[in-house]
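**Q** So that we are looking at the same thing, I have put the structure below in structure tokens.
The values are calculated or read from the model by the stated rules, or taken from the named source; none is laboratory data. Bear in mind that the values here come from a model prediction, so they are computed numbers and not experimental data. Neighbour counts are summed over all protein chains in view; Cβ atoms, including those assigned to glycine, are modelled from backbone coordinates with ideal geometry.
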Amino acid sequence: MKLPSFGEISFSLKSFAAAMLALYIAFSMDLPRPFWAMLTAYIVAHPFSGAVRSKAIYRVIGTVLGSVVTLLLVPNLVNAPELLLLALALWISLCIYLSLLDRTPRSYTFS
């Protein structure tokens, strides 16, 4: 078994520190599910800074896109919960399908 290098240990410690800071901030803000902040910190962590920026940009684009779709679907289908559930299931299925087609950071737009 190969021992981890200094760079790998350093990345691991920095990722852990970032996750703990995100968790602390989420607890400080009294968020209902603070563990999501920690999980997001680990998901976007990458040893190369360019990939982190790229993931962050695509994640923001995906969040805006998801918000727009939600604002379009929910008010129009609020009185038909079955249709709303079907529309959201189809939207999520489409996003997962598109994110699995592309394994680059662009897939974060749909995940």
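**Q** For residues in region 39-51 being within 15 Å of Arg103 (Cα to Cα) and assigned to a helix (DSSP H, G or I), which is modelled with the lowest pLDDT? Break it down into steps so the answer makes sense when it comes.
**A** At the first step, the residues of region 39-51 found to be within 15 Å of Arg103 (Cα to Cα) are 43-44, 46, 51.
Checking the rest, the ones that are also assigned to a helix (DSSP H, G or I) come to 43-44, 51.
Details: Ile43: 82, Val44: 79, Ala51: 69.
Ranking the candidates gives Ala51 first.
**Q** Go through (1) loosely packed, with under 14 Cβ neighbours inside 10 Å; (2) under 30 Å from Leu85 (Cβ atoms) and name the single condition Tyr24 misses.
**A** Among (1) loosely packed, with under 14 Cβ neighbours inside 10 Å; (2) under 30 Å from Leu85 (Cβ atoms), the lone unmet condition for Tyr24 is (2).
**Q** Just one of the numbered conditions (1) in the same structural domain as Ile9 (by TED's automatic domain parsing); (2) surrounded by 11 or more Cβ atoms within 10 Å (Cβ to Cβ); (3) over 13 Å from the mean Cα position of the chain (by Cα) is not true of Asp30; which one?
**A** The single condition Asp30 does not satisfy is (2).
**Q** Something else now. Taking region 59-94 on its own, how many of its residues are at pLDDT 90 or above and either closer than 22 Å to Ile43 by Cα or under 17 Å from the mean Cα position of the chain (by Cα) (or both)? Don't jump to the end; show me each part of the working.
**A** Narrowing region 59-94 to residues at pLDDT 90 or above: 60-94.
Add one more test, that the residue is either closer than 22 Å to Ile43 by Cα or under 17 Å from the mean Cα position of the chain (by Cα) (or both), and what stays is 60-70, 91-94.
Looking only at that region, the number is 15.
**Q** I'd like the full set of residues that are within 19 Å of Ser111 (Cα to Cα) and of a type in the set (S, T, N, Q), limited to region 59-78.
**A** Thr63, Ser67, Thr70
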